[in-house]
1. Determine which member of the set Pro245, Pro213, Pro198 is in contact (Cβ under 8 Å) with a residue 60 or more places away in the chain, out of contact with any Phe, Trp or Tyr (no Cβ under 6 Å at 6 or more places or on another chain), more than 18 Å from Tyr261 (Cβ to Cβ) and surrounded by fewer than 24 Cβ atoms within 10 Å (Cβ to Cβ).
2. Go through segment 102-189 and tell me which strands (runs of 3 or more DSSP E), entirely inside it, have 2 or more residues that are among the β-branched types (Val, Ile, Thr).
3. Only residues in segment 160-177 that are of a type in the set (D, E, K, R) count as the first member; pair them with residues that are not in a strand (DSSP E or B), Cβ under 8 angstrom, at least 6 apart or cross-chain, and list the lot.
4. Would you check if there is a residue in segment 85-94 being open to solvent by less than 20 Å² (accessible area, probe 1.4 Å), within 20 Å of the chain's Cα centre (by Cα), more than 30 Å from Ala176 (Cα to Cα) and among the aliphatic types (A, V, I, L, M)?
5. Pick from segment 107-126 the residues that are among the hydrophobic types (A, V, I, L, M, F, W, C) and open to solvent by less than 40 Å² (accessible area, probe 1.4 Å): which of them is nearest to the chain's Cα centre (by Cα)?
6. Quick one: in segment 378-425, which of the residues that are among the aromatic types (Phe, Trp, Tyr) and over 29 Å from the mean Cα position of the chain (by Cα) is most open to solvent (accessible area, probe 1.4 Å)?
7. If you go through segment 318-361 one residue at a time, how many are among the hydrophobic types (A, V, I, L, M, F, W, C) and touching a Gly at 6+ places or on another chain (Cβ under 6 Å)?
8. State whether one or more residues within segment 321-339 are among the polar types (S, T, N, Q), over 30 Å from Thr250 (Cβ atoms), touching a Ser or Thr at 6+ places or on another chain (Cβ under 8 Å) and at pLDDT below 95.
Amino acid sequence: MYRKLVAKVKQQELFSRKSRTTLLVGLCILSLALGFAGVLPGTAPETASAQTDSGIVDLSVLLSPNYPCWWPGLAEYQNSPYREIGPDPWRSNITIIDEHVGTHFDAPPHWIPPAASGLPHATTYGDVTVEKVPTWMLAGEACVIDVSAILDKSANGTSPIITADMVKNWETNNRALGPGDIVLFRSGYDDKYYKQLPEGRRLLAEPTEGSAPAFPGPDVACIDYIVSTGVRTIGIDSPSMGPFPGAAETHWAGLGVGAIYVEQLVNLGSLPATGSFFAFLPLKLEGAGGAPGRAVAITDKTLAAPLIKAARQRSLADLTVTLSPKAPVYWPGAGQGNYSYMYLVAPFNDWTNSSAPYFTQVHIFDAHTGTHFDPPTHFLPGPEFDNDDYSDFVKEVLADYESKYGKRGTSEVYAADVPVNEMMGPARVIDVTHLNNTTTSWPASPVITVNDIKAYETKYGAIEAGDVVLFKSNWADRWYAMAPYNTGVADALNGKIEGWPAPNPEALIYLADKGVLCVGTDGASLGAVTGKEAIQTHWAGLTRGMNYVEFLTGLGQLPPEGAFFIFQPLKEEGVRGGNGRAIALIP
């Protein structure tokens, strides 16, 4: 169904986007993902948000130490490169981030203690941590309530108040709110004040120190009215749903009855009052009170309508592994001393702290932890890179690759540069479980070939530009478990168990030639467990402008065709990968 709808959109609008990846012949690649092309996220002035002309809107602020994305006095957001190309064939970053940085959401435990704690304001929803929030709460129809008339209409250090009457007036002019709706308050605050530091101090630092008006926020009566309609997801284009003063009361009111708050949105002015599909995709953090993530909207009504219907019917699948220090979420490498940065969690503040009665933690992880994506810069060096800086092994792999597949590309496309539309589209789920248990000498990965793809096409129809191809081997479902019961990825890399099925370069080139820009797998990597094969598979697709989504799970929930896949990573400046969340809507 979704493929037919996307085809209609393509007929209305089809144009190319100049890729920033240097390709084999130095030409631009044709960007056909959903038939859309637009401004690169990360290049728009100040807010670093972007909207494609075709109706896909990025509603997320840029995460950067140069922007005011964290709360003053709390853990400062940081990301740093720690692995570079040469002598290695890949590069990555480490991120240090609070659960409430940038575009993020508050799960109930952010302000609501667990029921058994005996603390004030505790309810049963205090046990609904991030990974337990139902997937249906993350997507639905956007109901955009314009409150921009009250922007800056308050004294310094205080917030203009969004009232229940404003919500009721919106209902009078549009329709009644109800279950499945997502209320989004649009004031324009982030669009106006989310700027590079030091000018960006106006966003949070100046209001909290009392030298400028604070952002608009709803009072308790407003939240009480909204949740009385059955709405359980509320968003706002400012750093917090809670106004100054009164932030605690507003959080207790909604979170205490199981609502969630999506905060620090941007670009809500690009959405109509009703009719857009909205999705917020937070990191799936175990035991967390909130999580940073990515918010997107689809304003094209032809495509949005069936997605909204599926969301109302709660016909969604979560395809994301849970991030936990007890789980095998990071790349351990083969042998000893070859791992990526381990995933760590540090408590920062809880409900008993004298500074404020809320709960948050700090997370430290590699950009390729858990369910994540590889942009071109993960394996492709910049245009000035000298191949002699590779190790001897990688140089041998490169010579073999270029003799078979042509010149390896270069790239300056980082995580925040990849348009949001490139990692969503009609899902084509290729079952490769028949390859499991077909190797005898390990370490080894069963090879997914062009013939496996063609066999799928014979049965379900040709793969087209804009489709998202997902390889289902059930590997993560079988091996992703909490320590110490197994180590999953490490065992595969060290030859103790069979590796996940992985496509060879020919398979990726075949898909790239069809216009596919996003390929996913429920293996830990799209590359094999052996070095040469893994490197060449990454070069083959990334050189051609593809994005790889890795470590998915639960692909068996999806039909071979007919679902709509959405993955979105954190919008981190200059990062060579992206932790994120993957969901699918099923008709």
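The values are calculated or read from the model by the stated rules, or taken from the named source; none is laboratory data. Predicted, not measured: the structure shown is a model, and the values here were computed from it. Note that we place each Cβ from the backbone using ideal geometry, even for glycine, and neighbour counts take in every protein chain shown. For the accessible areas, the whole protein counts, side chains as well, though only heavy atoms, and no ligand, DNA or RNA atoms are used. Shrake-Rupley method; radii C 1.70, N 1.55, O 1.52, S 1.80 Å.
1. Exactly one of Pro245, Pro213, Pro198 is in contact (Cβ under 8 Å) with a residue 60 or more places away in the chain, out of contact with any Phe, Trp or Tyr (no Cβ under 6 Å at 6 or more places or on another chain), more than 18 Å from Tyr261 (Cβ to Cβ) and surrounded by fewer than 24 Cβ atoms within 10 Å (Cβ to Cβ), namely Pro213.
2. Passing ranges, in order: 139-146, 181-186.
3. Correct list of pairs: Lys168/Tyr225; Glu171/Leu177; Arg175/Thr274.
4. The answer is no; no qualifying residue exists.
5. Once the filter is applied, the top-ranked residue is Ala107.
6. Only one residue tops the list, namely Phe393.
7. Going through segment 318-361 one residue at a time, the tally reaches 5.
8. no
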